[in-house]
2 protein chains.
Amino acid sequence: MLLMARKALASAHSSKAIRLTTREVHYLSSILVSPPLVSLDLPENWIPYSDPPPLASFETEQKTVVIDGKVIAEEIRTKIISEVGKMKMAVGKVPGLAVVLVGQQRDSQTYVRNKMKACEETGIKSVLAELPEDCSEGHIISVLKEFNEDTSIHGVLVQLPLPQHLDESKILNMVRLEKDVDGFHPLNMGNLAMRGREPLFVSCTPKGCVELLIRAGVEIAGKNAVVIGRSNIVGLPMSLLLQRHDATVSTVHAFTKDPEHITRKADIVIAAAGIPNLVRGSWLKPGAVVIDVGTCPVEDSSCEFGYRLVGDVCYEEALGVASAITPVPGGVGPMTIAMLLCNTLDAAKRIFL
Amino acid sequence: MLLMARKALASAHSSKAIRLTTREVHYLSSILVSPPLVSLDLPENWIPYSDPPPLASFETEQKTVVIDGKVIAEEIRTKIISEVGKMKMAVGKVPGLAVVLVGQQRDSQTYVRNKMKACEETGIKSVLAELPEDCSEGHIISVLKEFNEDTSIHGVLVQLPLPQHLDESKILNMVRLEKDVDGFHPLNMGNLAMRGREPLFVSCTPKGCVELLIRAGVEIAGKNAVVIGRSNIVGLPMSLLLQRHDATVSTVHAFTKDPEHITRKADIVIAAAGIPNLVRGSWLKPGAVVIDVGTCPVEDSSCEFGYRLVGDVCYEEALGVASAITPVPGGVGPMTIAMLLCNTLDAAKRIFL
């Protein structure tokens with residue numbers, strides 16, 4: 001995430017095409033070496049076109065429901081504990097997740113730690129392969145092959161991003177399809193995209209977002225949905241998944257000329273650009289449901305660790321406009337990990353049940 | 001196409017949810033047993049929400065350029081003839097295309113005949129495997145395996161639709177990735193969807209549409225594009241391809257509540273629903289570029305063969321509103337076949353050059 005911010009900042013300085021507001025530059029420059037909860041692709045070079053109108057103009061009587069991802073994720077985890085227990089009783093085995101971590105990037109280390117801790121808490125076996133920053137492609141591939149063959153391992157994931165010298169596509173393609181619990185294999189993505197086909201796994205963050213919508217009682221079919229961001233990890237599978245649920249999906253990205261305008265038409269807004277506070281209250285149609293995937297640590301001396309996590313959506317501005325919103329933290333983040341556990345459980349079920 | 005119309009008609013009669021205008025019912029019921037030029041998925045059950053406003057309200061001074069797909073396709077075919085000739089000179093070999101046709105469906109037979117004729121005219125070798133309507137999955141798969149292994153064959157396609165008893169997904173998955181000139185393999189689709197990845201082939205119709213846009217001088221990046229229809233053959237890869245070209249893409253389908261409204265925001269409209277005259281002049285923003293993928297034969301005794309081909313867009317209404325439009329016939333149709341030749345040539349180049 002720090003890398004993200006640094007890259008965004010570097011490109012903001014280097015490219016004449018970039019126009020960031022003072023506030024955004026402030027946010028980008030105030031980002032700390034602290035890990036957020038959800039891993040995102042690097043942001044594109046977003047070009048905000050205008051400062052938003054003053055808050056007063058979109059204050060409404062709308063009551064905003066806060067969708068508590070933490071509580072919902074906890075419910076799901078409780079169910080997983082029970083299912084893992086049943087599996088152990090029935091076949092004497094538990095699901096197994098293998099994680100490949102390359103290098104010492106602090107964010108990645110934290111993500112991996114959280115994932116493994118969640119496995120432990122739900123009775124899922126987890127194995128970590130820590131490889132040095134300068135490891136060869138061959139080395140990673142041989143580790144992946146081993147996990148692919150290991151019958152006690154049902155899910156395999158490679159923590160992203162990988163160091164620059166490694167070919168991410170080639171490495172992700174090596175994960176056995178039946179163990180691709182991150183859903184990043186292009187065959188899983190293709191099967192997610194195509195009608196009449198079924199991916200073996202849906203990527204965890206988009207799956208978590210749809211789970212939140214469904215559990216919050218939000219109807220998706222026939223609704224206008226705007227997905228802000230088009231990363232392979234979130235934005236793309238999110239758009240594909242919402243379309244599978246029969247939403248009318250528009251994907252907004254850095255080249256979009258008038259993102260405010262398009263977003264204002266949406267009944268459902270998924271913000272996954274990785275830019276703190278990109279989506280202002282003025283971008284939202286009154287009554288829209290807002291799922292905020294972004295999570296960026298921003299300096300704040302009043303907080304316990306000296307920083308607080310900020311989403312892609314101006315939370316305070318969205319309150320009173322949106323009909324429902326996920327908070328940051330405590331919204332999408334916990335769901336991503338819960339969905340990883342679900343996918344790992346599903347992978348094991350396909351073998352045992 | 002007849003099957004399409006019959007199914008649409010059947011569902012229009014059977015489902016209470018369907019509301020077709022008299023004009024649409026007329027069009028659907030007047031469809032003849034005559035093949036159109038471009039093969040589309042079966043249409044979804046579109047529900048038009050209101051009759052369009054009278055024509056007068058959107059007459060403008062806009063000059064509409066007609067994008068001549070026939071001429072552009074001819075240019076491309078001339079280039080292919082030259083490249084195939086060069087290949088023959090250089091390595092003594094030509095590209096080879098194998099087509100698998102199951103059953104006696106007249107539309108399919110015509111499509112296949114047109115494809116093979118185009119191969120012949122450009123010096124590409126073509127081979128046809130005609131299988132009986134009731135052939136087994138194993139039979140098709142053994143034929144595909146043979147073509148997959150045949151070094152004189154560089155492209156393999158299965159003419160769709162297949163008879164109901166066959167598993168289309170399973171059969172399409174059997175086409176060797178390096179020979180998947182239709183681009184329908186989910187791995188090609190996934191690689192088309194994902195940033196930083198390259199599909200080996202892009203499906204012919206979407207590729208032809210983008211080629212038309214580019215050759216007509218239409219800038220795609222940053223433009224609002226609406227794709228009407230989400231079939232695996234056209235709509236889906238079209239949306240993915242336009243997004244790859246950095247358009248802001250919205251995909252409109254049968255569940256879309258207000259397709260007129262969304263379409264009216266588009267700088268580029270790709271109509272690929274398979275419903276004659278679905279897109280009215282009132283759906284278009286003045287100056288929009290319109291690519292009409294639909295092509296449906298409609299009874300017309302004044303025409304040579306007793307029918308004429310009608311697109312998804314009301315052509316006469318679009319004239320004077322759109323800045324550019326493809327006619328039906330003579331727009332997208334010829335480009336689809338030209339792109340199939342291109343893909344087959346590319347497949348051979350990967351082997352020989």
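If packing is taken as the mean number of other Cβ atoms within 10 Å per residue, what is the order of B:319-329, B:145-155, highest first?
Per-residue Cβ counts within 10 Å, averaged per peptide and sorted highest first, yield B:319-329, B:145-155.
5 Å is the cut-off here: which amide hydrogens, built 1.01 Å from N in the peptide plane, fall below it relative to residue B:298, excluding neighbours closer than 5 in sequence?
B:308, B:309, B:310
Report Rg (one decimal) and Dmax (nearest whole number) for region A:203-334, counting Cα atoms only, units Å.
Rg, Dmax (Cα atoms, Å): 13.8, 44.
Given labels modelled 7 Å from the Cα in the Cβ direction, how far is it in nm from residue B:110 to residue B:164?
Each label point is offset 7 Å from its Cα along the Cβ direction, giving 2.4 nm.
State the extension gain, in nm to one decimal, for the chain segment bounded by residue B:66 and residue B:93, taking 0.36 nm per residue of separation less the distance between their alpha-carbons.
On the way: separation 27, 0.36 × 27 = 9.72 nm, distance 3.83 nm.
Stretched out fully, the residue B:66 to residue B:93 stretch lengthens by 5.9 nm.
Going 7 Å from the Cα of residue B:353 toward and past its Cβ, which residues in region B:175-197 have a backbone nitrogen under 20 Å from where you end up?
It comes to B:178-183, nothing else.
Using per-residue counts of other Cβ atoms within 10 Å, averaged over each peptide, order A:226-238, A:293-305, B:206-218 from highest down.
Put in order of decreasing packing, that is A:226-238, B:206-218, A:293-305.
Give me the percent relative contact order of region A:203-334, please, defined on Cα pairs under 8 angstrom at least 6 residues apart.
21 percent
Work through the residues other than residue A:129 whose Cβ is under 13 Å from its Cβ and net out their charges, Lys, Arg +1 and Asp, Glu -1.
Surrounding charge for residue A:129 is -2.
Determine the shielding of peptide A:180-191 by partner chains: average, over its residues, the number of Cβ atoms on other chains within 10 angstrom of each Cβ.
Taking the mean over all residues of the peptide, I get 5.
What ³J(HN,Hα) values, in whole Hz, does the Karplus curve 6.51 cos²θ - 1.76 cosθ + 1.60 give for region A:317-325 when θ = phi - 60°, with x put for Gly and Pro?
Once θ is set to phi - 60°, the couplings for region A:317-325 become 6, 6, 4, x, 10, 6, 7, 8, 8 Hz.
Ordering B:178, A:120 from largest to smallest accessible area (1.4 angstrom probe), what's the sequence?
If we order B:178, A:120 from most to least accessible, we get A:120, B:178.
Provide B:352, A:255 ordered by accessible surface of protein heavy atoms (probe 1.4 Å), highest first.
Numbers: B:352 45, A:255 95 Å².
Reading off the accessible areas and sorting them downward yields A:255, B:352.
Taking the Cβ of residue A:70 as the centre, find all other residues whose Cβ is under 13 Å away and add up their charges (Lys, Arg: +1; Asp, Glu: -1).
Numbers: positive: A:77, A:215; negative: A:68, A:74, A:75.
Result for the neighbourhood of residue A:70: -1.
Go through region A:163-170 residue by residue and turn each phi into a ³J(HN,Hα) via Karplus (6.51, -1.76, 1.60, θ = phi - 60°); whole Hz please, and just put x for glycine and proline.
Each residue of region A:163-170 in turn: x, 3, 6, 9, 8, 4, 4, 4 Hz.
Give A:145/A:349; A:170/A:207; A:349/B:145; A:93/A:117; B:86/B:223; A:179/B:145 a once-over and call out the pairs whose C-alpha atoms are over 30 Å from each other.
Checking Cα-Cα distances, A:349/B:145; B:86/B:223 exceed 30 Å.
So if I place +1 on the C-beta of Lys and Arg and -1 on the C-beta of Asp and Glu, and nothing else carries charge, what would the dipole magnitude of region A:87-201 be about its Cα centre? I want it in debye, nearest 20.
So the magnitude is around 480 debye.
The values are calculated or read from the model by the stated rules, or taken from the named source; none is laboratory data. Quick caveat: nothing in here was measured; it's all calculated off a predicted structure. Note: ideal-geometry Cβ built from the backbone for every residue, glycine included; neighbour counts use all protein chains shown. Heads up: the accessible areas ignore ligands, DNA and RNA and are worked out on the full protein's heavy atoms, side chains in. Shrake-Rupley method; radii C 1.70, N 1.55, O 1.52, S 1.80 Å.
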